[in-house]
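The values are calculated or read from the model by the stated rules, or taken from the named source; none is laboratory data. Keep in mind the model is a prediction, meaning the values are calculated, not measured. Using ideal geometry, Cβ is built from the backbone for each residue, glycine included, and neighbour counts are taken over all protein chains shown.
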Amino acid sequence: MQREPLWTPEFISMGSSNLLLFMSQYIMVAALPIVIAETFAGGDFEAGMAMTAFQVGAVLCRPFAGRLIDAVQKQRLLRLAAVVFFFIMLAFLFARALPAIYLLRFLHGCIFALATTAAAAMAALILPLSRKGEGIGYFALSTNLAMVIGPLVGLLLVGNLGSHVLFLFLTALAALTFVLASLRRLPPEVTAPAKRQRRGVSIKDIIEPRSLAPSLLGGLVFFAYGGILTFIPLYAKSLGLQQETSLFFVVFALVIILTRPVIGRLFDAKGPDWTVYPGFALFALGMVLFSQVNELIGLLTAAALLGCGFGALSPAFQTLAVSSAPPARAGVATATYFWSLDISVGLAALLLGVVAAQFGYTFMYGTACTFVIACTAGCYWLWRRRPALPTR
């Protein structure tokens, strides 16, 4: 029997838009601290404030983004978000003081939350039910690729061509995002607003209860991953491997890309347990090895194991979160999932930083993060025992 198509122009359009939106963020993460230091004479505190401003904007807007996406025509909303994104990037060219940078980063966080939630919700609705796990896995690859490509591009631009060219490039990315979001008209059943059932505002307008459990489990996975993302530059420096940090993320992303087709098809054919439980085992093993590395080969082996584990867990929980809710609630379900991730990564930077300061990186990665992974596996096992749980 012929399989339903996956790589439709509409799906590629949403994935490409998501790639450029995430690229802009990772370019900023790598390059903006250098701009702040060289152009505004700022230091670590000022660079941290710029990152915090973005996170505050994203966390505050993410839950309301879901309700807005479900209430209006989704593709028009994404186009409007891309236009606002363009003007925010353009405004960086004219920023002359740090408060302006902080304000623009806050607005960037807001529009980033809205646009990425809209793109992810529409991508999930476009996918055929029989290949939803595989498709969401491929969609998540756009984020993984941005994580690798973005910092390299940002450092190359700001180091060789300066901040002016950097912000011109980001403005061009925003314009291209609008073009990609507008290339194909998505079918009405994907973009049409949900029927309004009642008036007023309740907690269900910003959080989808049926998606909460997989969203929280995915958040715990990202909490452990947040320790890597936040502290690997300092950890690698303490090991004398700071120059190899980029290689870690290249291997991490490459393994996810290579394993994604197998993992996605296994999820759709056998159900989530066949990818989630091995994912937990590989992720925990990779974290233990990561805590013990002292040379390049160990670092890259840990990256491969972590990539296999994370690459299995992340799209699985996103698929479960979106599939747990009806299509009319896809926006709120997607926002619920991403909001959990935003908060978890932010908490990881705070709480795991305290653990690392008190006990060192070896304890933090080998014990604390592995304990979080084990607890998440236990919670997942308990959750899966509920008879009413949807498996696809």
### Query
Can you tell me which of L60, L114 is modelled with pLDDT under 90 and either crowded, with 19+ Cβ neighbours inside 10 Å or within 17 Å of M23 (Cβ to Cβ) (or both)?
L114
### Message
Among the listed residues V84, V72, identify the single one that is at pLDDT 90 or above and aliphatic (A, V, I, L, M).
### Response
V84
### Query
So L296 fits all but one of (1) surrounded by fewer than 24 Cβ atoms within 10 Å (Cβ to Cβ); (2) touching a residue at least 60 places away in the same chain (Cβ under 8 Å); (3) more than 20 Å from G271 (Cα to Cα); what number is the exception?
(2)
### Task
Please find, among A175, A140, the residue that is buried (at least 21 other Cβ atoms within 10 Å of the Cβ) and not polar (S, T, N, Q).
A140
### Query
Would region 267-283 turn up any residue that is in contact with a helix residue (DSSP H, G or I) (Cβ under 9 Å, 6 or more places away or on another chain), of a type in the set (D, E), modelled with pLDDT of 80 or more and in a helix (DSSP H, G or I)?
yes
### Task
Provide a single number: the residues in region 314-335 that are touching a Phe, Trp or Tyr at 6+ places or on another chain (Cβ under 9 Å) and either farther than 17 Å from G135 by Cβ or polar (S, T, N, Q) (or both).
4
### Message
Let me confirm something: among L351, L389, which residue is farther than 27 Å from G137 by Cα and either at pLDDT below 85 or assigned by TED's automatic domain parsing to the domain that holds T52 (or both)?
### Response
L351
### Query
Got at least one residue in region 155-171 being β-branched (V, I, T), farther than 14 Å from M14 by Cβ and surrounded by fewer than 19 Cβ atoms within 10 Å (Cβ to Cβ)?
yes
### Task
Can you work out which of the residues in region 202-250 that are among the polar types (S, T, N, Q) and either buried (at least 17 other Cβ atoms within 10 Å of the Cβ) or at pLDDT below 80 (or both) is farthest from L300 (Cα to Cα)?
S202
### Message
On the basis of being assigned to a helix (DSSP H, G or I), in the same structural domain as L156 (by TED's automatic domain parsing), at pLDDT below 85 and hydrophobic (A, V, I, L, M, F, W, C), does F22 make the cut?
### Response
no
### Test result for L98, more than 20 Å from L341 (Cβ to Cβ), in contact with a helix residue (DSSP H, G or I) (Cβ under 6 Å, 6 or more places away or on another chain) and buried (at least 21 other Cβ atoms within 10 Å of the Cβ)
no
